[in-house]
Amino acid sequence: MDDLAVTFVDRGRVQADRNFVVDGHSVATASDRDPEHEYETYVVWNLVVETPEMTVLWDTGSHPEAGDGYWPTPLYEVFAHVDADEHALPADLEDVGYSVDDIDAIVMSHLHLDHAGGLHNFAGTDVPIYVHREELPYAYYSANTDQGSIAYLDHDFNRDLNWEIVHGDSYHLTDGIELLHLPGHTPGLMGAFIDRPDQPLLVVGDEAYVEANYAGQSMATSLLWNNGAWKESLERCRDRQRATEAEVLLGHDLSVFEDVSGSEA
């Protein structure tokens, strides 16, 4: 679409052991019982997609107090969003020429704490928050019981929000934006096919944190709700990329984000 524009929003840096991102990256063996671990830096990002019908925000990033007790200590120890306090959503939007008031709709790829932490900025408003049917109940279940995933925080999303529920494998949000259901990382993970005028953008998101995941190396099992579903979703993404020659945006790969967005750290 000639009248569709995508703006990339840098939301800061997360640091973590690569073993959480690429399963079995560094393991002990009989001859090497103390292998070196790689502690790496990853990116958190959002998108603003502007169309004639609406201005869409993709995800909301981490809460700015993530490192000050808002995130539980065990979670922060594993995935440390080291500069969350420097990346409040209103300020980061302002840096790229938008404000919270400019946003007509929000698409939540899923409701993990590094994606849903900015939803509080929209509490009490009528801005629609699009989330997949399979994601919302699992998030509430996980956040309020000792089952499910520990990466959901009830205070991120248990607010006065205008939820809009997405059903099925594909959802037409507006001209040029197709939402894709990609279960595996979570039950309701969504990606998107965005029909930019120069080259389509395939938002894979947390279906693949880094390039190694997109090549088929699984994330750690703690990051997967269902390994079989993850593999099927990965093939769906690859098929779409081959058919459309779309540019691919991964979940947390810093170098890929810099290449796709044209920015530098």
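The C-beta contact set for the range 235-264 (first residue within 18 Å of SER218 (Cβ to Cβ), second residue modelled with pLDDT under 95 and part of a helix (DSSP H, G or I), distance under 8 angstrom, 6+ apart or interchain) comprises HIS252/VAL21. Only one of the numbered conditions (1) closer than 18 Å to THR7 by Cβ; (2) among the β-branched types (Val, Ile, Thr); (3) touching a residue at least 60 places away in the same chain (Cβ under 8 Å); (4) surrounded by fewer than 19 Cβ atoms within 10 Å (Cβ to Cβ) is violated by THR51, and that is (4).
For the range 218-245, residues that are in a loop (DSSP other than H, G, I, E, B) and either surrounded by 14 or more Cβ atoms within 10 Å (Cβ to Cβ) or small (Gly, Ala, Ser) (or both) total 6.
Scanning the range 195-222 for residues that are among the aliphatic types (A, V, I, L, M) and closer than 13 Å to GLY24 by Cα gives ALA212, MET219, ALA220. The set of residues in the range 39-83 that are within 12 Å of ARG13 (Cα to Cα) and under 15 Å from the mean Cα position of the chain (by Cα) comprises TYR42, VAL43, VAL44, TRP45, GLY61, SER62, PHE79, HIS81. Residues being surrounded by 18 or more Cβ atoms within 10 Å (Cβ to Cβ), modelled with pLDDT under 95 and more than 21 Å from LEU113 (Cβ to Cβ) are entirely absent from the range 209-217.
The values are calculated or read from the model by the stated rules, or taken from the named source; none is laboratory data. None of these values were measured; they are calculated from a predicted model. For neighbour counting, all protein chains shown are included, and Cβ atoms are generated from backbone atoms with ideal geometry for every residue, glycine included.
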